[in-house]
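Written below as structure tokens is the structure these notes are about.
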Amino acid sequence: MEWLADPTAWLGLLTLIVLELVLGIDNLVFIAILADKLPPHQRDRARLIGLSLALLMRLGLLASISWLVTLTQPLFEVFDKSFSGRDLIMLFGGVFLLFKATMELHERLEGHVAQRTGNVAYAMFWPIVAQIVVLDAVFSLDAVITAVGMVDELAVMMIAVIVSIGVMIVASKPLTRFVNAHPTVIMLCLGFLMMIGFALTAEGLGFHIPKGYLYAAIGFSILIEVFNQIARARRKKSAQGVLPVRERTAHAVMRLLGGRSLAVEEVGEEVADLLGEPDATQGPLFDRRERVMISGVLQLADRPIRTLMTPRAKVDCIDLADDPETIRLKLMHSSYSRLPLIRNGAVDEPLGFVHKKELLKEYLAGNEPNLEHLARRAINLLESFSVLNALEQMRQESTHIAFVINEFGDFMGVLSMTDILESIAGELPDASEIEGPDIVEEGEGFRVNGALNLNQIRQRTGFQAQATEDYQTLAGLVMSLLDRLPVVGDSLVYEGWRLTVAAVEERRVTQVSMTRET
């Protein structure tokens, strides 16, 4: 144990540990690649068995140094070239590494690597372990020969081997997870294995390649890959800073539905890689109407219900205080199938709603309907609720209508299932639209109903205004931009469009002319 007091022995130990780790990383990477072919619950076990066998092999080889010396003695000659046991092991190991690395590269380049979802055909456990054993034998012999050539003390060699394998066992799981999550790293590691396999094959045939050249090439490649991973991480961070991944994915889907290619800067690298490139020769993959519907579905989780509801000013209510004739007239002139019920003109406090068809049945039967008896309870939804949340609430309550309120509990409007369907499929015609369509082509522009929602206008005209908390309709946008009550003839430019007030009724903008600015 005199070596414990020798500083050069400690320096040799540290140097040997570093070299053993460098040699062992190649072994660990290939074990990770082989273990990845197994079912998930067997992978950790395979890695531990592989590294434990590597430790036992290296300790066994170190304990039989005298036998290792005999491996360098010639066994036979071929064309004046003598082959020793060490040469045969190197030759066999090099060919094995070249074969396995080439097969792995071929599978990944051809896209034959099994997907991680669905029915995956995993490899058998013990055949994979057998390949790991062969791999351990090749790398263990190289590691032991390196150790024997560096230090003289057997204890130093064994300590270096035990420490290096212990470090690899601890680092095996996170390193494997990192390698499998980065395809470029896998390709780089397979390239390293091919280089090592070629070097071992050449050495087995008697052509010595200085390992310094080999490690320099590997180190330079690792440095380049580090820069590549840093660049990828920064691009990902930059893309996430512009839009969250959900919005980037939705944007990418809509671009592809229209047959347009994607820029990595727009949607992020992970989304662009996932979706790939559309076939430019086929044109748009989906019809415009399909794109409108898919766009509507993708917006359900982010779109507030205040952008869909029928506002309070346009809601037809039945007042319990009205006389029967007034109620009959309201039923005749209302285009809605469900009407809120109020008392004494208190629009802010609806009592519920009634079905028009139930009232009509009573009238046709010659009876005077009992409105309070026919009234049904409506659920109240906060105006900031998303359409998706509102749909789930209405489904749970088995209702087709909901009252929309603000944070103070004031009645703001009515939301129906038809409104939600229109947010997906676009405007649906009903009896309330007998006056004509909401958007009419007019020369080089459009004549648009001021009460139309901005999201619907964007889908049908390309006008890129977005609904906000302050306004959801075209009329609301015009009033917000003018900052006053508009009059016929008022004109302004917004988002490359000229908006001209064409009609006003009772302080409401009913018609707006829209033309693109050239």
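The values are calculated or read from the model by the stated rules, or taken from the named source; none is laboratory data. Values in this document were obtained by computation on a predicted structure and should not be read as measured data. All Cβ positions, even for glycine, are placed from backbone atoms using ideal geometry, and neighbour counts span all protein chains on display.
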Which pairs have Cβ atoms under 6 Å, sit 6 or more apart or on different chains, and link a residue in the stretch 323-347 that is assigned by TED's automatic domain parsing to the domain that holds R377 and exposed (fewer than 13 other Cβ atoms within 10 Å of the Cβ) to one that is at pLDDT below 85 and not in a strand (DSSP E or B)? S335/A431; S335/S432
Have a look at A181, A216 and point out the one that is free of Cβ contacts under 8 Å to residues at least 24 places away in the same chain and outside the structural domain of F83 (by TED's automatic domain parsing). A216
For the stretch 1-104, list the helices (runs of 4 or more DSSP H) that sit wholly inside it and hold at least 3 residues that are small (G, A, S) and either at pLDDT 75 or above or over 41 Å from the mean Cα position of the chain (by Cα) (or both); which are they? 7-35, 40-63
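Yes/no matrix, rows are residues, columns are (1) of a type in the set (D, E); (2) modelled with pLDDT of 85 or more; (3) out of contact with any Ser or Thr (no Cβ under 7 Å at 6 or more places or on another chain):
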position	(1), (2), (3)
P311	no, yes, yes
I318	no, yes, yes
D322	yes, yes, yes
T326	no, yes, yes
M332	no, no, yes
L339	no, yes, yes
P350	no, yes, yes
F353	no, yes, yes
Y363	no, no, yes
Residues (out of contact with any helix residue (DSSP H, G or I) (no Cβ under 6 Å at 6 or more places or on another chain), more than 16 Å from R458 (Cα to Cα) and not in a loop (DSSP other than H, G, I, E, B)) located in the stretch 494-518: T500, V501, A502, A503, V504, E505, R508, T510, Q511
Out of the stretch 374-398, which residues are more than 34 Å from the chain's Cα centre (by Cα), surrounded by 16 or more Cβ atoms within 10 Å (Cβ to Cβ) and assigned to a loop (DSSP other than H, G, I, E, B)? A375, A378
Considering only residues that are in contact with a Leu (Cβ under 7 Å, 6 or more places away or on another chain) and in a helix (DSSP H, G or I), which ones fall in the stretch 188-205? L190, L193, M194, M195, I196, G197, F198, A199, L200, T201, G204
I need the full set of residues from the stretch 176-221 which are in contact with a Phe, Trp or Tyr (Cβ under 8 Å, 6 or more places away or on another chain), over 27 Å from L48 (Cβ atoms) and buried (at least 17 other Cβ atoms within 10 Å of the Cβ), in order please. G204
